[in-house]
Amino acid sequence: MNVTRLLHTVRYLKPVQVYGRLWRPKPRVRKGATIDLRARTGPWSPPIPKANPQTGPNRFQFLNQERDIRSWNDAGVPKLWLYHLHYFDCPNLELIEGWSRDNPWGQGNGWEPYPLSLRICNWIKWALEGNFLPETALQSLSQQAEYLAQSMEFHLLANHLFVNAKALVFAGRFFSGPDADRWLRAGLRVLDGQIPEQILHDGGHFERSPMYHALVLEDILDLVNLIRTYPDAIASDAERMWIEAGGRMAGWLTQICHPDGEISFFNDAAIGIAPTLAEVTAYAQRLGVQPSPGRFAESGYVRLENESAVVIFDAGPVGPDYQPGHAHADTLSFELSIRGRRAVVNSGTSTYENNSQRLYQRGTSAHNTARVDGIDQSEVWSAFRVARRARPVDVQTDNCNFAEAGHTGYLRLKDPVLHRRRLELRSGALSVTDIFEARQSHELELFFHLHPDADVALMLDARLSRWVEETAWFPEFNRSILNKTIIGRWGGRLPVRFTTLITW
């Protein structure tokens, strides 16, 4: 075990996370499940539709993998795939009854708080759409809510705790009685604290992952939908906070997406997991939530745009210090679209398994940025861990034609290196200037990952040795597409400056 790396990882944890890891009591069964339903006094608007993953009696397709399963907890199936099976994004009565029958209290993947939270909401949303839940399913749903109330993920916090709280609010409004009121109070209490913390002033979610941003935005819109269905249930200040947060988040999502309407690939991000910009926009419109116009600020991203090109630049922190589990070592990376089509792309995310591919996809070399001495800017390790991390400095932009910033990730080297980058967007060209400041010699690498269909010319600084490698782009889970990566390499004494020119 690398003790130093471990210490640099845990030093950022909040006390509640440490306590939650050391002492997590097993939830206790409560007799007499609450199954009385609260009367609805308002309409339920159609939520974002989900594609049916079931292709046969025991056959499902998730994460671009289709398989027959033997049970809800098939030991031969990856855990993330099983999680999606337990989410119930597209419920039906037969599956609901099967789950209730085959998953006793606390046993299996489906009782872990995250899939438990998503399933509670999805069953309730399905019922609010006019579908019938029999008494056995209502009893199971009530027991699931009680289990969640005793097992919220305070040891993880961030988006996990958010969906825990959302699920308790859903259960607390769907059911009636003392238990339901207790769930509602617990969920609202967490949301009251987490929304101001997790949703930044510019509307970005604080984990800085475009994919999780879209997921949390859908959660916010679901809560607004719920409040319209039970308008007498929740204080008006909570409603105002949710609507205002949803508007800011919707505005932010438009800025982080490319002209093709899909998200950019910073931190953990893949297409096909979160709702698209078009789906979120339509849902917000149905609820009367208006996107707030604005620019990136606190989240640290920068968007440059002219008549032919869009550049999205990462000059922000890797995420909240106490939970950077979805962070990549991608500081000062950028993505470029030209005439509505992607040209320069980060490599994306195709797996959460703790393997070499996951480590590569989180590493610096999988992104359009620079690596020094073969070391990642931020110490990403395992599947969801970060030890020492790069921090942006000296961020400047006109939000139109230029952006520049530096980062501290390589100041940890024996001879500290400060990397600075400046992007200048002009008509028909993007100029990328990299400056490396230090006193001794270092090995430098600049990475430029091209979209498989890119039609650009990339001219490296004449002092850089040019390498072209056959690599892969990972736009979705369990999917890879061949592409090319242009790498500029140089070794020598610093300081040094390089300018790369991308033209179209």
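The values are calculated or read from the model by the stated rules, or taken from the named source; none is laboratory data. Please read all numbers here as calculations on a predicted model, not as lab measurements. Quick reminder, even Gly has a Cβ in these numbers, built from the backbone with ideal geometry, and neighbours come from all protein chains shown.
Residues in the stretch 91-102: is at least one in contact with a strand residue (DSSP E or B) (Cβ under 9 Å, 6 or more places away or on another chain) and of a type outside the set (D, E, K, R)?
To start, the set of residues in the stretch 91-102 that are in contact with a strand residue (DSSP E or B) (Cβ under 9 Å, 6 or more places away or on another chain) comprises 92, 95.
Applying the additional criterion that residues be of a type outside the set (D, E, K, R) yields 92, 95.
So far as the stretch 91-102 goes, yes, one or more of its residues are in contact with a strand residue (DSSP E or B) (Cβ under 9 Å, 6 or more places away or on another chain) and of a type outside the set (D, E, K, R).
If you take the residues of the stretch 364-376 that are farther than 17 Å from Arg412 by Cα and touching a strand residue (DSSP E or B) at 6+ places or on another chain (Cβ under 7 Å), which of them is surrounded by the most Cβ atoms within 10 Å (Cβ to Cβ)? Step through it out loud before you land on a result.
Taking the stretch 364-376 first, the residues farther than 17 Å from Arg412 by Cα are 365-369.
Among the residues that remain, those that are also touching a strand residue (DSSP E or B) at 6+ places or on another chain (Cβ under 7 Å) are: 365, 367-369.
Numbers: Ser365: 20, His367: 31, Asn368: 25, Thr369: 28.
Taking the candidates together, the pick is His367.
Write out, first by first residue and then by second, each pair whose Cβ atoms fall under 6 Å of each other, whose residues are 6+ apart or on separate chains, and whose first residue, in the stretch 84-109, is more than 24 Å from Gln150 (Cα to Cα) while the second is assigned to a loop (DSSP other than H, G, I, E, B).
Listed by first residue and then by second, the contacts come to Cys90/Lys50; Cys90/Asn52.
Could you please find all residues in the stretch 263-283 being assigned to a loop (DSSP other than H, G, I, E, B), over 21 Å from Val318 (Cα atoms) and either in contact with a Leu (Cβ under 9 Å, 6 or more places away or on another chain) or among the charged types (D, E, K, R) (or both)?
To start, the set of residues in the stretch 263-283 that are assigned to a loop (DSSP other than H, G, I, E, B) comprises 264-276.
Applying the additional criterion that residues be over 21 Å from Val318 (Cα atoms) yields 272, 275-276.
Once the filter is applied, which keeps residues that are assigned to a loop (DSSP other than H, G, I, E, B), over 21 Å from Val318 (Cα atoms) and either in contact with a Leu (Cβ under 9 Å, 6 or more places away or on another chain) or among the charged types (D, E, K, R) (or both), the stretch 263-283 yields Gly272, Pro275.
Condition test on Phe296, is it modelled with pLDDT under 95 and crowded, with 22+ Cβ neighbours inside 10 Å?
yes
Got at least one residue in the stretch 165-182 being within 22 Å of Gly316 (Cβ to Cβ), among the β-branched types (Val, Ile, Thr) and assigned to a helix (DSSP H, G or I)? Give the derivation first.
Kept after step one, since they are within 22 Å of Gly316 (Cβ to Cβ), are these residues of the stretch 165-182: none.
No, every residue in the stretch 165-182 fails to be within 22 Å of Gly316 (Cβ to Cβ), among the β-branched types (Val, Ile, Thr) and assigned to a helix (DSSP H, G or I).
Name the pairs whose Cβ atoms lie under 9 Å apart, with the first residue in the stretch 1-14 and modelled with pLDDT of 90 or more and surrounded by 13 or more Cβ atoms within 10 Å (Cβ to Cβ), the second of a type in the set (Gly, Ala, Ser) and in a helix (DSSP H, G or I), and 6 or more positions between them or separate chains?
Close Cβ pairs satisfying both conditions: none exist.
Taking Trp23 as meeting all but one of (1) out of contact with any helix residue (DSSP H, G or I) (no Cβ under 8 Å at 6 or more places or on another chain); (2) closer than 26 Å to Lys125 by Cβ; (3) free of Cβ contacts under 8 Å to residues at least 24 places away in the same chain; (4) hydrophobic (A, V, I, L, M, F, W, C), write down the number of the exception.
Every listed condition holds for Trp23 apart from (2).
Every residue, every condition in (1) surrounded by fewer than 24 Cβ atoms within 10 Å (Cβ to Cβ); (2) in contact with an Asp or Glu (Cβ under 6 Å, 6 or more places away or on another chain); (3) touching a residue at least 24 places away in the same chain (Cβ under 8 Å), yes or no:
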{"site": "Phe174", "(1), (2), (3)": "no, no, yes"}
{"site": "Gly177", "(1), (2), (3)": "yes, yes, yes"}
{"site": "Arg182", "(1), (2), (3)": "yes, no, yes"}
{"site": "Leu188", "(1), (2), (3)": "yes, no, yes"}
{"site": "Gln194", "(1), (2), (3)": "yes, no, yes"}
{"site": "Asp202", "(1), (2), (3)": "yes, yes, yes"}
{"site": "His205", "(1), (2), (3)": "no, no, yes"}
{"site": "Pro210", "(1), (2), (3)": "no, no, yes"}
{"site": "Ala214", "(1), (2), (3)": "no, no, yes"}
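Do you know which residues across the stretch 451-473 are over 14 Å from Ile338 (Cβ atoms) and not in a loop (DSSP other than H, G, I, E, B)?
Correct list: Met459, Ser465, Arg466, Trp467, Val468, Glu469, Glu470, Thr471, Ala472, Trp473.
Taking Arg30 as the residue in question, decide whether it is touching a Leu at 6+ places or on another chain (Cβ under 9 Å), part of a loop (DSSP other than H, G, I, E, B), touching a residue at least 40 places away in the same chain (Cβ under 8 Å) and surrounded by fewer than 18 Cβ atoms within 10 Å (Cβ to Cβ).
Details: touching a Leu at 6+ places or on another chain (Cβ under 9 Å): no; part of a loop (DSSP other than H, G, I, E, B): yes; touching a residue at least 40 places away in the same chain (Cβ under 8 Å): yes; surrounded by fewer than 18 Cβ atoms within 10 Å (Cβ to Cβ): yes.
So Arg30 does not fit the description; no.
I'm checking my understanding of the structure. Among residues of the stretch 189-231 that are at pLDDT below 95 and touching a Leu at 6+ places or on another chain (Cβ under 9 Å), which one is farthest from Gly42 (Cα to Cα)?
Arg228
Considering every residue within the stretch 389-396, establish whether at least one is of a type in the set (D, E, K, R), under 23 Å from Phe266 (Cβ atoms), surrounded by fewer than 20 Cβ atoms within 10 Å (Cβ to Cβ) and in contact (Cβ under 8 Å) with a residue 40 or more places away in the chain. I'd like the intermediate steps shown before the answer.
Going residue by residue through the stretch 389-396, those that are of a type in the set (D, E, K, R) are 389, 391, 394.
Now drop any that are not under 23 Å from Phe266 (Cβ atoms), which leaves 389, 391, 394.
Filter once more, keeping what is surrounded by fewer than 20 Cβ atoms within 10 Å (Cβ to Cβ): 391, 394.
Within this subset, residues satisfying the condition of being in contact (Cβ under 8 Å) with a residue 40 or more places away in the chain are 391.
Yes, some residue in the stretch 389-396 is of a type in the set (D, E, K, R), under 23 Å from Phe266 (Cβ atoms), surrounded by fewer than 20 Cβ atoms within 10 Å (Cβ to Cβ) and in contact (Cβ under 8 Å) with a residue 40 or more places away in the chain.
Can you work out which of the residues in the stretch 234-265 that are surrounded by fewer than 18 Cβ atoms within 10 Å (Cβ to Cβ) and hydrophobic (A, V, I, L, M, F, W, C) is farthest from Ile338 (Cα to Cα)?
This residue is Ala235.
Mind counting the residues in the stretch 326-340 that are surrounded by 22 or more Cβ atoms within 10 Å (Cβ to Cβ) and either part of a loop (DSSP other than H, G, I, E, B) or at pLDDT below 95 (or both)?
Qualifying residue count, the stretch 326-340: 8.
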